[in-house]
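Working notes, beginning with the structure itself.
The values are calculated or read from the model by the stated rules, or taken from the named source; none is laboratory data. Note that the structure is predicted; figures quoted are calculated from it, not measured. Methodologically, a virtual Cβ is constructed for each residue, glycine included, from the backbone with ideal geometry; neighbour enumeration extends over all protein chains shown. Note: accessible area is taken over every heavy atom of the protein model, side chains too, but ligands, DNA and RNA are not part of it. Shrake-Rupley method; radii C 1.70, N 1.55, O 1.52, S 1.80 Å.
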Amino acid sequence: MTRDVNGQNRASDRFHAKHRDQLQAVVVILRDDIVKEYECQLADLSQGGCAVRAKLGEDSNVTIAVLRIQAPTLGIELEVAGRLCWNQQTSVGSNTFGFRFRRPIAPNLIDQMVDGGLITRREEERMQVGMPVQVRRAHGKPDVDDVVLEDCSASGMRITLLGHVDPSERLLISTPSGVSGTVTVIWLRRTEDDRCECGCVFQNLRSARAINDELNQILV
């Protein structure tokens, strides 16, 4: 069963934004009694949360926020409170943030967006890998064994291993040739053969490019 960084079950499917120009989003943050609004791009959406790409600058460390989503062609105006629970660099000066809603949104809104062609199940191209890699944890944490990079995309990877890692933990992933990248664990689950399966996101562009460039050379 898949679990997120807070140890809660994923309750709904995740859909990926297709026509971002028709799906407008704004992150609203209250800081020092000042309301700040940041235009952002919706990357994906589920009933329980979403991922948004934004330039929050000095407010990148804020956790509590409100997200406004508008789909004018469908007459949808949605405002949800929640928590920014993780972030990763996706371009210079811009990060992708994971936004967990305080209360799930209505499933019919998801259906409207799917029917309107604004969101889709299709995600970033994912390379199937199946390559052994090494994982380095923070000092003092026990080693993990038999780590396999199962698949990888421009934003993250899925690994399986013998042992246990922690939700939101940072890991240094190294390929057999020594190319390394840093990732953050987003979700965990136990597999039928009692391995630990981990969904991870890259911490920065350098890590994403290093690992993906290496895999493209090996697999092509």
nm² value of the averaged projected area, convex hull over the Cα atoms of segment 128-171: 3.2 nm²
Taking segment 168-220, the whole-percent share of alpha-carbon pairs separated by over 15 angstrom is 53 percent
Pop the C-beta distance of Asp146 and Val62 into the FRET formula with R0 = 45 Å and round what comes out to the nearest 0.05. 0.70
Let's test the formula: R0 of 41 Å, r as the Cβ-Cβ distance of Ile218 and Thr73. What FRET efficiency results, to the nearest 0.05? 0.40
So what is the accessible area of segment 48-141 per residue, in Å², with the probe set to 1.4 Å? 58 Å²
Give the lysines reachable from Lys55 as a straight Cα distance under 18 Å; neighbours fewer than 8 places away on the same chain don't count. Lys36
Calculate how steeply helix 205-219 sits against the longest principal axis of the alpha-carbon atoms of the chain, using the helix alpha-carbon long axis, and give the answer as 0 to 90 degrees to the nearest 10. 60 degrees
Whole-number Å³ per residue for the convex hull built on Cα positions in segment 51-132: 160 Å³
Extending each Cα 7 Å along its Cβ direction at Thr120 and Lys18, get the distance between those two points in nm, one decimal. 0.6 nm
Helix-only CD estimate at 222 nm, as mean residue ellipticity for the chain, using -39500 (n - 2.57) per DSSP H run (n ≥ 4): -3500 deg cm²/dmol
Of the listed values [x] 28, 22, 13; [y] 29, 19, 17; [z] 31, 19, 17, grab the one calculated as semi-axes √(5λ) of the Cα gyration tensor in Å from the structure here. [z]
Distance in nm between label sites at Asp193 and Ser94, each 7 Å beyond Cα in the beta-carbon direction? 4.0 nm
